[in-house]
Each structure stands twice: as structure tokens, then as C-alpha cells.
């Protein structure tokens, strides 16, 4: 590691935003599962490290009837995996959490970190997208919220400015009968990045939401496809149509070492169909 | 000895070092810190082939804490196992991406890394040799001086003005005539990519080179301390006896730590730092980029058969994409000419094995070297020929299988003592309930479920690949309490050798297992010689040496006891830690009483310190004839077979292994539990090669997957539902208690058996590894559109 940095671990949000304001070239440290690798390999350099794990607001992990969940930026992926109510209400999010990295990585990695790292294949992105999650961002100018679907701007790029700090993610409450599923395809069964990820959600009004990961420069919510689906009846036969149709929305990398575009096109269709069948099967999901 | 009476042989005692390892007490080179120690880091070439125009190390040298910066100018030494072709640091030209161009020693790793970042190298990028065909074309020579390189003559055959580091051949009978007379001739081309060893512990070495003499002391994670010593002495032009190599615990090697690797560079850095110890531990990226791999290989095979399934002729070209330096690669290539026809009797054979230089990371030994690769070709070809003939591939194998009275391609006649490949094949076929390929109708019924089952079989054989003169030794010393310490020259790198040697010594001496310790931390200053820890030869050769040392010890103790009892030595026997008179068993002396000489009541003493000595040499082996490949290369053949039952997801291409059965004729199990562990580990490593592993290079020779992010080895979740080890025990007459080696074998033929089962499931023949979900799914899609 060639970076030489100082390390600051504030206990208040104010101190944190102040520090960000005063120090350019600061990297924010939560779980560190992306940052430390990047620093070790000198892919990123920094002069300051701001550890956010001791900030009380960022350790909030609460559910409020009618408002849903708030998941603070210091909450680890395994904490999410272990949250029973969240698994009942938002199965795709729990399944995304279960699939991320390895158990050891999930012990440190955070949901917010996964989103802020903005990998196109971030396992928690597609599940959060189908639930209309919002990202809460603090800076010295105050706190603002933005829709997750507007958050990603490119491979490893987001709307965040250097002095911004994401404090958490909120997920609106869901009604009884709301169901979802997260499916992914990787090269091996154990810890691996995904080649294709898909989250599908069906609400009690039978409205289907779909989001994809790892098949374009950003994780995407497929609003247009959802509108087309809304015009159709949700039957098992729709699966084949969906498998073909969804391929027109993706744009996989041509030069990826992990998978050829051909395979990603194929699997996107396969997983979309499987996900749909799981959701409309009364026994499933 | 009747095997049913064994006390320790064939049982399953725990590994002797198990407690130390699971509690984290076992210390590896990685853990070692010495007073005044410095840390090394290297600068690697970003190009596959380039001229080094200039190197500026001034900024690196000026950095506080930096004690030495070396470039190729400072290291005018060539090193090599069989071809002396590799510089310790590249000079004038780099031959692969990842080659060391400069190295730094500094007071800590961070400073060393920063210093490396300050070295400025100007390269002139040159066109490079990236493919097997480019290597054969020889428009560019990887080694422009190939005609002048020093090499092991009579064994390897480098070709003039070419990229062929060695061209080995077997020519037996008349293949062309036999093809003409064949009922059917089947030709195929198979391929597998380069693969990494991925030991848990990366390479690490610490060197302390006396600046005032030639003496060098090394601690290394190497498999073969005596080979390190010999190769380094030759390279530096110093005496072997001036080099001391110490091996503490080793975290896996799989062949990647055989030969010589980080030791000479660490030694040069230490010398440049006035003898301060210098530690070089490879990062995982260096493990992939800089340190050697398993070669990629292309096999072009042609098989001729009679109508009733007898193989009459086989012609194969094995071309090894072996990277920039020969290292073990030429020997890997050599195995193909005596082993590369499979465990079959074939009257007319032509095998050409060409180890090729290319501008990629160089290759070396990897568990069962040469065999997983050649068996991918042979055992897939056996199935493809059987398909064309319309014969059950089990029957086709059995028609041609080696056995007593049959002759190998090198002209060796197999005997009962060699073991039985057919026992192995029968056992796995029974275990997976093999009844022949399923029909297209049966497949069609399954297809509707989205998943298809398939079964496959594959045979294998392997003999140690080693020089005809390979030898090893053992010394056993005894304490006053009758406990013994065994020293061998080979290394327990995790395979459990020391536990096996302990069992053998306890059995021969007839003393409790806890009274035997095999000494860890092998040291060339103290341990007796062993050629190398490779080739699954340790149990066989080391085991025989330990038997001889233990017998020698008993003989010495009996000689003293015979004086005490005033009887002939022939009247004495041993058991339970005593030498006793066979007719008057109450006349007995404990080993402890004889360990340091026997003392009479009046103080007279006879005998002396008892030290057992045993040596074993691979006698009777010969070099193979340059033109025909005729000779005796095999000290011991171990036969084996795999049978697999798997399921393929027709849409995703996922392979789920329900059961894999693996049978080996290992003569006599020394430690059942450890053998079963070896089989499970080897099978899983083979599954890695079969399903997910493989180095990927871009057109310019840059390695694209030098980390575990994109080099995927099997994880715990990828373990088959069931792995069934089957131990077959047809003893080898000159094996220790009849045993043969089996350490490497479980990995061999695993890709082939999976490929064969995929044919059964899908009706598709795969020719390339890996059989990852993507390759399978796209093949299924193409198969159904065609």
C-alpha cells in the first residue's frame, strides 16, 4: 500500500461532515471490504480515512409500521441477513445479503458500502431498487434524500460529491402479501461475483417490479418493461415472453473476463423467467 | 508379515502435527521474524516480451530505509532444473508479464513497496509468442540462445533454432500401417488451459548470505531442500555444502514449490545487505503472475481400432504451452511419452510430446504432472471412440486395459505386482451403478424437467517422474527411554508423510506410535539426503528407507543383546520394545537398555549408541531411448479409476455432482484416514480444473485473472454430494508393506470423467476445459439450434 493517511473515527455526524469538508482526498471507511483491497493494490490513493462506524445515527437499524426500514451506513450485511422481520417483508433483500461475498466478508461489509461502491453487480442494488429505496445523504449543508434509481451514474460512479456522506437507506413499508425474489448466477456455487442478478417483486395489486445487476454499467430498475408487463396477465406463459423481452434492456460488457455477453443474455432470460414463475406460484417465494 | 497382524499399518491415527496446526501453533516461513531482518519486494515486467532499454534505480536507492536495489546487472546467474535458461532477475530482455525486473530490500514492506514504485524502466515492447502455433512457427524465438543453453543431456531434447525446449517421442510398431488396416480411425483435438496451484501458503523464503564467505542459510517453503541447495550451488558456482536449507511447516505445494524459486533472489539481496536476513514472501498476485503454473496443453490424437474394439494404433501430438522458462515443464512433457497412452495395451504407438517456450508465465510440476492433462485427451478419446464403435465405453476400456502379461508403450511387461487397473474400473462402475450410456429417448424424457443426469467412467495411471538415479535416506536415533526420532530428507508439505513414516517405524520396531517422532523442520545440515518431495514417491521410497533404518537398528541391538545372553543373533527376536530370546522369552532387554550401549553391573559396557540407517535408490530404471521411448521409467505404477454421477441444468449449464467414486490400487494403505483425505482433496482439486479454473491471457500475454476474484477454485459449496474413496490393495512386492504412492493420483482423470458424464447427459462431446456453466450452456444452446 503506497497511500499514507491519517485515520479519524468521530462519534458524531457533525464531526464527520466537518472532517469531510476540511479534508479533501478523504476515503470513507465502513466495512472496508472494498476500500482496503483497493488501497492495498494502489488502485485508489488517499490522505485521510474517515471511519464512520462510531456515529450513532449510522448504527440505526429500525422498522416503523407504515414507514418501513431505515438501515444505517454502519449496519453489516450479516446483520441484515439475520433480521427476521426484514426477511419476511423483503425476501429479495435478505437473499441479496445472503449471496454477497462470503460469511467473513459479510461480517464486515455494509449494505450502504455495497451501494456506494457502485459495482454494476452489487448484490444489494437490484433488491433495493425493486423496493423504491431511498439513499439519505449528509453534508455540511444538511441531509437530503434521493431515490436509489437515480443514484448510480456509471461503473463505480454515483451522484455523490466528495463531501457527501451516506448515512443510511430507507425502504418503504410493504403490505401483507407483497413478495419478492432475488436470483443470481455466478461461476461457482461458493463466494463469487455474479454474472447476472435479478430481483423481482410482486405487490398485492399484482404489480411486478424488476431490477437487474451485472448486465449494464449500472444496476437498473426496468420501469419501461414493468409498464409493458402491467398490460399483460401474470401467467406462467408470460415467462417465455419475459425471457425474450428482458434481453432488449440489457447491455453487457463485451470484454468482461467473467462472462461473455452471449451467456449474460441467455441467463438474464432464464433467471427472469424462473423468478416470475417463483412469484406467481402460490407456494413459491 | 501377515497384514491382519499389523498394529499400525492400515490404521487411521491422527496426523502427528494435527494439534499444532489446528491451534495455530505451527510456524511457517511466513510467520518467521529474525533479528535485523529486511523485506524484499520486486518490480515485475508489465509486458510479455520487451527489451529493457534502461533502468533507473536512483530514486529507489535514495529512499530512507532501502538497503539494496538489484537489477539484472547485479545477478549474472542462470538457474534451471533441466534447462539452465532462467535469470534470477531479467537482463536486457523480459520474456513474460510478471518476470522480475528489479528487487528491493528495505527495513519494512511499505518502504520496499514504495522503493519499487520509484524504479523507472524504459522498455521497447517486442512482438511475442502467445500461442502453440506461434511457438511452433518459430518466427520469434523466446530464447534466441536456445542452441547454446546448457541442459540435461540424454533425457531432454531441445531443438535447434526453435521454441521447442524438448521433443520427446515414443515410436513403437508401425502406426501408419496399422491405421490403414484399422476398421475405424477416430481423430480429435483436445485442449486445456494453464492452471494455478493455489496453495494456502504462498511461496516464501528468507536468506542470510554471509558477505565474507560463500555460506548461505535459507528458510524456505520449498518442497525439496536438497534440490534448492544443488540448483543454487550450481547457479552461483559455489559448493553445495556451503548452502543450508531449512524447511519449517509448509502450507501446501502441489508441485509449485518443487525446484527453486524465491531462494536465489533472497540470497542475492541478503548478500547486498551485508548478510542481513532478507525475507521475500510472494503476494497472491505474484503467485499467479510471477511464480510458475501448470502448462496449457493441446492434444491431437488419432486412434485406430478393430471392429470388435481392440485398439491397434494410436498417434498423439502433445504440445505444451509451457511459458518462458523450462523449469519442470520439460519433465512434464516427458511423462507424456510413457504415460500418455493411458493404462492400455496398444501395439502400434507414436507419441510426440513437445514442451514449447512461449511468452507467458512459465510452467512447472502440478500434482500428478502431465497426467491430468494427457488423461483429459486419452480418456475423453476412449469414450469418443467407443461412441463411434457403438460399444459400451466400459467394455471398450476392458478390452484394451493393461494387466499382468501386457506390455506398456515403453516396453515394460506388467506383472501381478504392478497392480490392477481393471479392479479399479470395476469398483467404480459398480459404485455408480454403470449400465452404459443412456439412449437419446431417455435423455429426452429427462430434458422436460430442465435437468439431465449423466454418468461417466475414466481410468488413470501414473508412475513417479524422476531421474533413474533418484535416491532417499532415513536415520533413526533412539533415546535412553526407548523412544525414537526418525529423520528423512523429504518434506511433509501437508500430505501426511511424517505420520505415515511414523506408522512404518512403529510397525517395524514394534513400539507404541507415541514412542516415534518424525523430526519436523527439515534441515540439509542435519537430515539425510532426499532428491525431491515430488512424484508420489515418498511413501514408497521413504517408507522403504525407514523400514531399512528400523531393521538396521534392530540388527544392531540384537548384536549387543546376543553378547549379553551369550547366544547366537539368530536366536533373538524383537517385539513390544524388547529384544528377547525366542526359546527363553524371559531373557529380554528393552530398547532403552541398549540405546547407548549395554552396561554390566560392574560398570563394563559394550555396544554403543544405536543409530539406524536406511537408504533407498530407484534401482533398475533407465533413461528412455531418444527415438523410440523404450526403457523402464516407472519405479511403481499406481492405477486408478473414477466414476461420476452428475446432473446438468440445461438452461444455466450448472453441473451438480451427486456422486464421484474414486478407486486406487495402492497396494496397502498405510493410513486409511489420510488416504481418504488425499482422495477427497485431489478429487476436489480435479473438479476445479474440470469446472472452473484456467488462466486467461489477452492477445498481448497479460494475465487477466491473477486473483481469486476471477480465478475460481471450488469452494465448500462446490463439494460433490458424495465422494466415495475406494482402496484396492493388490500389494507391490517391493513396496513398503506392499504400498504404492497415491498422493497425486486422485486429481488425474477427474476432468475426463466429468466430460464423459456430460456426454452421457447431453449427447455433446466437450473438447476444451473448463466445463464451466457458460461453456456448457452455450454448447447446449448451439447443439439445439444445429
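Only one of A:176, A:258, A:221, A:254 is in contact (Cβ under 8 Å) with a residue 12 or more places away in the chain and loosely packed, with under 15 Cβ neighbours inside 10 Å. Can you tell me which?
A:176
Yes or no: the range B:770-780 includes at least one residue that is out of contact with any strand residue (DSSP E or B) (no Cβ under 7 Å at 6 or more places or on another chain) and in a loop (DSSP other than H, G, I, E, B).
So far as the range B:770-780 goes, yes, one or more of its residues are out of contact with any strand residue (DSSP E or B) (no Cβ under 7 Å at 6 or more places or on another chain) and in a loop (DSSP other than H, G, I, E, B).
For the range B:619-627, state whether one or more residues are touching a helix residue (DSSP H, G or I) at 6+ places or on another chain (Cβ under 6 Å), farther than 29 Å from residue B:668 by Cα and not in a strand (DSSP E or B).
no
Considering only the range B:561-576, I want to know if a residue exists there that is crowded, with 21+ Cβ neighbours inside 10 Å, in contact (Cβ under 8 Å) with a residue 12 or more places away in the chain and more than 29 Å from residue B:670 (Cα to Cα).
Yes, because at least one residue in the range B:561-576 is crowded, with 21+ Cβ neighbours inside 10 Å, in contact (Cβ under 8 Å) with a residue 12 or more places away in the chain and more than 29 Å from residue B:670 (Cα to Cα).
Filtering the range B:221-245 down to residues that are assigned to a strand (DSSP E or B) and buried (at least 20 other Cβ atoms within 10 Å of the Cβ), which residue is nearest to the chain's Cα centre (by Cα)?
Step by step, filter the range B:221-245, then rank; the result is B:245.
Quick check, is residue B:342 more than 30 Å from residue A:1 (Cβ to Cβ), touching a residue at least 24 places away in the same chain (Cβ under 8 Å) and within 20 Å of the chain's Cα centre (by Cα)?
For residue B:342, the condition - more than 30 Å from residue A:1 (Cβ to Cβ), touching a residue at least 24 places away in the same chain (Cβ under 8 Å) and within 20 Å of the chain's Cα centre (by Cα) - is met.
Of the residues that make up the range A:192-207, is at least one out of contact with any strand residue (DSSP E or B) (no Cβ under 7 Å at 6 or more places or on another chain), crowded, with 17+ Cβ neighbours inside 10 Å, farther than 29 Å from residue A:23 by Cβ and within 14 Å of chain B (Cβ to nearest Cβ)?
Scanning the range A:192-207 turns up no residue that is out of contact with any strand residue (DSSP E or B) (no Cβ under 7 Å at 6 or more places or on another chain), crowded, with 17+ Cβ neighbours inside 10 Å, farther than 29 Å from residue A:23 by Cβ and within 14 Å of chain B (Cβ to nearest Cβ).
Given the residues B:272, B:227, B:239, B:258, which is the only one that is out of contact with any strand residue (DSSP E or B) (no Cβ under 6 Å at 6 or more places or on another chain) and over 18 Å from residue B:83 (Cα atoms)?
Every option except B:239 fails the conditions.
Here is a check on your reading of the model: is residue B:684 without any contact (Cβ under 8 Å) to a residue 60 or more places away in the chain and surrounded by 20 or more Cβ atoms within 10 Å (Cβ to Cβ)?
yes
Take residue B:665 and decide whether it is in contact (Cβ under 8 Å) with a residue 12 or more places away in the chain, touching a strand residue (DSSP E or B) at 6+ places or on another chain (Cβ under 9 Å) and surrounded by fewer than 24 Cβ atoms within 10 Å (Cβ to Cβ).
When the stated conditions are applied, residue B:665 does not pass them.
Within the range A:16-35, which residues are farther than 11 Å from residue A:47 by Cα and either loosely packed, with under 15 Cβ neighbours inside 10 Å or within 14 Å of chain B (Cβ to nearest Cβ) (or both)?
Passing the criteria: A:18, A:21, A:22, A:33, A:34.
Answer with yes or no whether residue A:116 is in the same structural domain as residue A:170 (by TED's automatic domain parsing) and either modelled with pLDDT under 95 or closer than 30 Å to residue A:4 by Cα (or both).
Considered against the rule, which asks whether it is in the same structural domain as residue A:170 (by TED's automatic domain parsing) and either modelled with pLDDT under 95 or closer than 30 Å to residue A:4 by Cα (or both), residue A:116 comes out as yes.
For residues that are within 15 Å of the chain's Cα centre (by Cα) and not in a strand (DSSP E or B), tally how many sit in the range B:461-476.
5
Across the range B:40-84, what is the total count of residues that are more than 30 Å from residue B:167 (Cβ to Cβ) and touching a strand residue (DSSP E or B) at 6+ places or on another chain (Cβ under 7 Å)?
Looking only at that region, the number is 21.
Condition check: part of a helix (DSSP H, G or I), farther than 24 Å from residue B:777 by Cβ and without any contact (Cβ under 8 Å) to a residue 40 or more places away in the chain. Does residue A:226 satisfy that?
For residue A:226, the condition - part of a helix (DSSP H, G or I), farther than 24 Å from residue B:777 by Cβ and without any contact (Cβ under 8 Å) to a residue 40 or more places away in the chain - is met.
Any residue that is in a helix (DSSP H, G or I), touching a strand residue (DSSP E or B) at 6+ places or on another chain (Cβ under 9 Å), within 13 Å of chain A (Cβ to nearest Cβ) and buried (at least 22 other Cβ atoms within 10 Å of the Cβ) - is there at least one of those in the range B:691-708?
yes
For the condition in a loop (DSSP other than H, G, I, E, B), away from chain B (no Cβ under 14 Å) and either more than 20 Å from residue A:132 (Cβ to Cβ) or modelled with pLDDT of 95 or more (or both), what is the one hit in A:216, A:180?
A:216
How many residues are within 12 Å of chain B (Cβ to nearest Cβ) and in a loop (DSSP other than H, G, I, E, B) if we restrict to the range A:253-276?
Qualifying residue count for the region: 6.
Scan the range A:79-103 and report the pairs whose first residue is in contact (Cβ under 8 Å) with a residue 12 or more places away in the chain and whose second residue is part of a helix (DSSP H, G or I) and surrounded by fewer than 19 Cβ atoms within 10 Å (Cβ to Cβ), with Cβ atoms within less than 6 Å and a gap of 6+ or a chain change.
A:81/A:98; A:94/A:87
Residues to consider are B:713, B:675, B:726; find the one that is in contact (Cβ under 8 Å) with a residue 40 or more places away in the chain, at the interface with another protein chain (Cβ under 9 Å from one of its Cβ atoms) and either under 18 Å from the mean Cα position of the chain (by Cα) or not in a helix (DSSP H, G or I) (or both).
Unique residue meeting the criteria: B:713.
Which of the residues that make up the range B:89-128 are within 30 Å of the chain's Cα centre (by Cα) and either in a loop (DSSP other than H, G, I, E, B) or within 13 Å of chain A (Cβ to nearest Cβ) (or both)?
Within the range B:89-128, B:89, B:90, B:95, B:96, B:97, B:98, B:99, B:128 meet the criteria.
Mind checking which strands (runs of 3 or more DSSP E) fall wholly inside the range A:105-163 and carry at least 2 residues that are surrounded by 22 or more Cβ atoms within 10 Å (Cβ to Cβ)?
Where strands (runs of 3 or more DSSP E) fall fully within the range A:105-163 and carry at least 2 residues being surrounded by 22 or more Cβ atoms within 10 Å (Cβ to Cβ), they are A:134-139.
Looking at the range A:224-251 only, could you name the residues that are surrounded by 19 or more Cβ atoms within 10 Å (Cβ to Cβ), in contact with a strand residue (DSSP E or B) (Cβ under 8 Å, 6 or more places away or on another chain) and over 21 Å from residue A:150 (Cα atoms)?
Within the range A:224-251, just A:229 meets the criteria.
Only one of B:291, B:265, B:269 is at pLDDT 95 or above, not in a strand (DSSP E or B) and not assigned by TED's automatic domain parsing to the domain that holds residue B:71; which?
Just one listed residue meets the conditions, B:291.
Just to verify a result, which residue in the range A:1-15, among those that are out of contact with any strand residue (DSSP E or B) (no Cβ under 7 Å at 6 or more places or on another chain) and in a loop (DSSP other than H, G, I, E, B), is farthest from the other protein chains (Cβ to nearest Cβ)?
My answer is A:12.
The values are calculated or read from the model by the stated rules, or taken from the named source; none is laboratory data. Note that the structure is predicted; figures quoted are calculated from it, not measured. No Cβ is skipped: glycine too gets one built from the backbone with ideal geometry, and neighbour counts run over all protein chains shown.
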